Amino acid sequence: MKLNSLPAFALLALSVTCPMQAKLVSKAVPYEHAGVQLEGYLAYDDARTAAGKLPGVLVVPEWWGLNDYARHRADQLAALGYVAFAVDMYGKGVVTTDAKKATELSRPFYGSPLMAARGQAGLDQLLACGLADPAKIAAIGYCFGGSTVQALAYTGAPLVGIVSFHGGLIPVPKDAAEKNHAKILVYQGEADPLIPRSDRTTWKDAMDAGKFNYEFVTFAFAVHAFTNPDADRMAELNGLQGKMGYNAQADHRSWAGMQSFLTEIFGLPGS
């Protein structure tokens, strides 16, 4: 081999043994719904999207609003190989750590078509990014967000699955079984005082009557917001000790279960 060919050969060898590192891309996405200016959060791995469209996952935050916790979950999903979009339910920059304010912000959504409609606005943005496979879209939500993904699925939104983490169990509309396309996975804290046992019974009875494809999993001793490492601080700040708090085991097991669920519903290798 000629000496002047060595640098090129060495460069080729380097490119084979040390491939270009994937890059996690995240960015704010402005959009609008019903006259409200919103700003969601899109996250994906650019090396994976370069090879084609990926399964997409909508992330709906807790009642605090689109904060760092929701963005972190979107980043985690992007690292797993999904295109993730964290929804803004309240308006650009509207977040709180005050439970009374969160109650005020979330109240207009419960029992109203606005909950599903605002979730759909976020779903539209996920689809509009052009990176997600429209046939492989799921939605996950936390607390208020868990209620939202249920409401969205019941409208017949193009979701193959939803996961509700410690979300309120909203009434199931009579026509939901005919419209719904999603497999449903619900994670609850067995000791959650904010989700009445009567709600569980009513919700599961409706699931059975409608022959929904669902799974309902509870974790012993876990209370509300068990997936959020900041839940203990938020509980103390709002006088909610004993009602909400972090549970590492429940967090890790529910996240692992969600990953298996997504692998299954998206028909990915290993399912």
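Each reported figure results from applying straightforward, stated rules to the coordinates on display, with no laboratory input. Bear in mind that the values here come from a model prediction, so they are computed numbers and not experimental data. When we count neighbours, we look across all protein chains shown, and the Cβ atoms used for this are built from the backbone with ideal geometry, even at glycine.
For the stretch 138-158, a residue qualifies if it is surrounded by 24 or more Cβ atoms within 10 Å (Cβ to Cβ) and aliphatic (A, V, I, L, M), and the qualifying residues are ALA138, ALA139, ILE140, VAL149, ALA151, LEU152, ALA153. Kindly provide the set of residues from the stretch 100-151 that are in contact with a strand residue (DSSP E or B) (Cβ under 9 Å, 6 or more places away or on another chain), under 27 Å from GLY245 (Cα atoms) and among the aliphatic types (A, V, I, L, M), ordered by number. Within the stretch 100-151, ALA138, ALA139, ILE140, VAL149 qualify.
When GLU215 is tested against (1) assigned to a loop (DSSP other than H, G, I, E, B); (2) under 23 Å from GLN76 (Cβ atoms); (3) of a type outside the set (A, V, I, L, M, F, W, C), just one condition goes unmet, and that condition is (1). What residue, of SER164, SER260, is surrounded by fewer than 20 Cβ atoms within 10 Å (Cβ to Cβ), among the hydroxyl-bearing types (Ser, Thr, Tyr) and without any contact (Cβ under 8 Å) to a residue 40 or more places away in the chain? After ruling out the rest, the residue left standing is SER260.
In contact (Cβ under 8 Å) with a residue 12 or more places away in the chain, among the small types (Gly, Ala, Ser), farther than 13 Å from ALA153 by Cβ and crowded, with 21+ Cβ neighbours inside 10 Å: does that describe ALA225? Talk me through it step by step, then tell me what you get.
Details: in contact (Cβ under 8 Å) with a residue 12 or more places away in the chain: yes; among the small types (Gly, Ala, Ser): yes; farther than 13 Å from ALA153 by Cβ: yes; crowded, with 21+ Cβ neighbours inside 10 Å: yes.
Spelling it out, ALA225 is indeed in contact (Cβ under 8 Å) with a residue 12 or more places away in the chain, among the small types (Gly, Ala, Ser), farther than 13 Å from ALA153 by Cβ and crowded, with 21+ Cβ neighbours inside 10 Å.
The one condition from (1) without any contact (Cβ under 8 Å) to a residue 60 or more places away in the chain; (2) over 17 Å from LEU38 (Cβ atoms); (3) surrounded by fewer than 22 Cβ atoms within 10 Å (Cβ to Cβ); (4) touching a Leu at 6+ places or on another chain (Cβ under 9 Å) that ALA78 does not meet is (3). Just wondering, is there one or more residues in the stretch 108-130 that are polar (S, T, N, Q), without any contact (Cβ under 8 Å) to a residue 60 or more places away in the chain and more than 21 Å from PRO229 (Cα to Cα)? Among the residues of the stretch 108-130, at least one is polar (S, T, N, Q), without any contact (Cβ under 8 Å) to a residue 60 or more places away in the chain and more than 21 Å from PRO229 (Cα to Cα), which makes the answer yes.
Of the residues LEU237, LEU185, LEU169, which is surrounded by fewer than 14 Cβ atoms within 10 Å (Cβ to Cβ) and either out of contact with any strand residue (DSSP E or B) (no Cβ under 8 Å at 6 or more places or on another chain) or in contact (Cβ under 8 Å) with a residue 24 or more places away in the chain (or both)?
Numbers: LEU185 fails: surrounded by fewer than 14 Cβ atoms within 10 Å (Cβ to Cβ); LEU169 fails: surrounded by fewer than 14 Cβ atoms within 10 Å (Cβ to Cβ).
Result of the check over LEU237, LEU185, LEU169: LEU237.
From GLY141, GLY56, which residue is assigned to a strand (DSSP E or B), under 19 Å from LEU24 (Cβ atoms) and touching a residue at least 40 places away in the same chain (Cβ under 8 Å)?
Unique residue meeting the criteria: GLY56.
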